[in-house]
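Please treat every number below as a calculation from the coordinates, not as lab data. In this text, all values refer to a predicted model and were calculated from it rather than measured experimentally. Cβ placement follows ideal geometry from the backbone for every residue including glycine, while neighbour counts extend to all protein chains displayed.
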Amino acid sequence: MAESQLLCMEDGLMPTAVPESRPQFYYSEQHRAALERLITGGDGAFKSLLKDENGQDFLSAREITAITSSFVKYKTDEENGGASAGQDKRDDAGSLHSTYWPQMSDTEVPPLDIGWPSSGLFKGVTRVAVHTHPPKDNGPHIKEVVRKLIQESSKVVAIVMDLLTDLQILRDLFEASKRGVPIYIVLDEPGAPHFLDMCNRLQVGARDLQNIRTRTVKGIGLNLSVGRIPGNVQSKYMLIDGDKVMFGTYSFSWSSSRMDRNMITVMSGQVVDFYDNDFRELYAISDKLDLFKQFHMTKPQTGTLSRAAVPKRPAAATSRFQVNLGDVTRGDGKVPAHKYHNPKYLLALGQIPGPTEPLQDFFNKMEPPDPETEQELENPTEELENLTPDPSPPEKKKSKKLKLSFKSKRGKKDKKSDEVIEENPANPSDEASKHTLTRDETQDSLKKKNTECMCVIA
C-alpha cells in the first residue's frame, strides 16, 4: 500500500493531493475509481467516467486486456464452503464482521534449510561486467555466461525469475544439485506451471530434487472494493555463492536467449549484499511449491548425524609432566614429587598433600650454597687427572673434606695413603690452625706425590 493511502487511514488527517507534474505522484483516487468502473462496467464505462471527470486515459489497450483477464474477485462465505450456524445467527442479529490487523505474520518464515553462505562481511570493491544479446566486441553469449556461473558454483545458487523453462539451464541446475550445491528458486506465480511442465519433460528424479527448494511469489497487485488485480514479478537475477550476482532483462527461456534483445550485468563486491537481503525477503513472503508432491515422489530420508562417543577424562593425569588441577582440589590427586622442588608449581598448588615431606620442613632444611666451595680450582685438568673423589654417603653431602687415595708405583698391595684437605670458611686468615693446609702447600705435595704415585680411579 502506498504511503499516501496509509495517510488517508489516519483519523482527521487528509493529506494534500500530489499533482501529476511532481515526481512524488504515485497514487490517485480518481484512478482507483476508474479501475473499479472498468471491472464492473467494462471499457466503455471506464472511458465515460474519465471523460466526465476531465481525466486522461492512463491505460493502454494491452494493459486493459491484462487487467480484465487477471482480475480476481473476492470469495464470499458461500464460496468458501458456507458459514457455521453460530455465524449465521450472529449475521441475522445484525453484527458486523470484525477486522483483523495482525502485527506479525501468522505463518512462520520459511528457513533456508539446505545452507546459505554467511553475509555481513566486506566483499571488496564492486566490479561490473556487462553482456548483451546479440554479443558485442566478440563477447560471450548471455546464455553461456549464465551456464558457466551455475557450473562453477560451489556454495549456493539463488534464482528469482519470471520464467524458467530453458532445458540446458535446468540440466545445469540439477547437476549442481547432485554435487551438493543448494539451489533456491523463487518463481513468479503465473510462470510456475510452465516450470513444472519442463521438469516433467526432463523426467527428473528424487535425487535431482534433493537439494532444490522452489517457491512462488506474487506481485504487489492492487486491492479494490470488488476484488484484486494481481501483479507480476519482473525481477530477474541470480546469486552465485554469495559473492556474485547476475541481473538484467534476460529470462531463462529459449526464446529470450535466441530471439529477444537482452542485457545482463554480472557484479561482485559489496553491492551483492543488497541482492542477498532482497532474496531473503522474497523467500520469506513466497508460497511453497513442493516438487516431490507435484511429481508424486517420496522425499528421500536424510540420515541424522550421531554424536561420536568421547572417552571420559582420566581421574588423574598419567604424564609426569602434567597435573590435573581439578582432581587435586578434591584431595584425591597425586602430584609428582619433582614438582615440589619447582617454584612455579609450588606457587600454583600450595600446600597439597603428597608422597614427600611437608613443604615447610623442606624450606627449613634448605641452606644457601657456600660461595667458596663453588670457586674453580686452579689447573682443573691437572687435578682431575690426579684427584679421585670417593663417593660419600647421602647424609654427608655437606662435608667439606676431600678424601684422596693414592697407590704406590712400586706395586705394594693394599698400601694407600690418605690425606685430608680442609678449608675453613669461618676464618680463612687464621694461620694457627694446625689441621688446615694452604692451597700452595696442597699443590706442592700433589706434585711430589705425582712422581711417586699413580692415581687410582675407583
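Along the range 216-225, what does the Karplus equation 6.51 cos²θ - 1.76 cosθ + 1.60 (θ = phi - 60°) give for ³J(HN,Hα), rounded to whole Hz, x for Gly and Pro?
So the Karplus estimates, Gly and Pro as x, are 10, 9, 9, x, 5, x, 9, 8, 10, 6 Hz.
For each pair in K178/K299; K73/K293; K47/K75; K148/K244; K148/K236, compute the distance between the two Cα atoms and list the pairs where it is over 19 Å.
Pairs exceeding 19 Å: K73/K293; K47/K75.
So how much slack lies between D260 and L196, counting 0.36 nm per residue of separation and subtracting their Cα-Cα distance, in nm?
The D260-L196 span can extend by a further 20.7 nm.
Over the alpha-carbon set of the range 127-294, work out the extent along each principal axis and list the three values in angstrom, largest first.
So the three principal-axis extents are 53, 37, 33 Å.
Got a sec to turn the phi values of the range 243-258 into Karplus ³J(HN,Hα) couplings, 6.51 cos²θ - 1.76 cosθ + 1.60 with θ = phi - 60°, whole Hz, x for Gly and Pro?
Those phi angles translate into 10, 9, 9, 10, 9, x, 9, 7, 8, 7, 9, 5, 5, 5, 8, 10 Hz.
Quick one: order Y26, Y275 by neighbouring beta-carbon count within 10 Å, fewest to most.
Going from least to most buried by this count: Y26, Y275.
Based on the alpha carbon coordinates of the range 18-79, what radius of gyration and maximum Cα-Cα distance (Dmax) apply, in Å?
Spelled out, the Cα radius of gyration and Dmax of the range 18-79 are 13.7, 46 Å.
By per-residue mean of other Cβ atoms within 10 Å, what is the highest-first order of 108-116, 154-162, 280-288?
Ranking the peptides 108-116, 154-162, 280-288 by packing returns 154-162, 280-288, 108-116.
Using Cα centres only, tell me the gap between the range 282-298 and the range 56-75 in whole Å.
29
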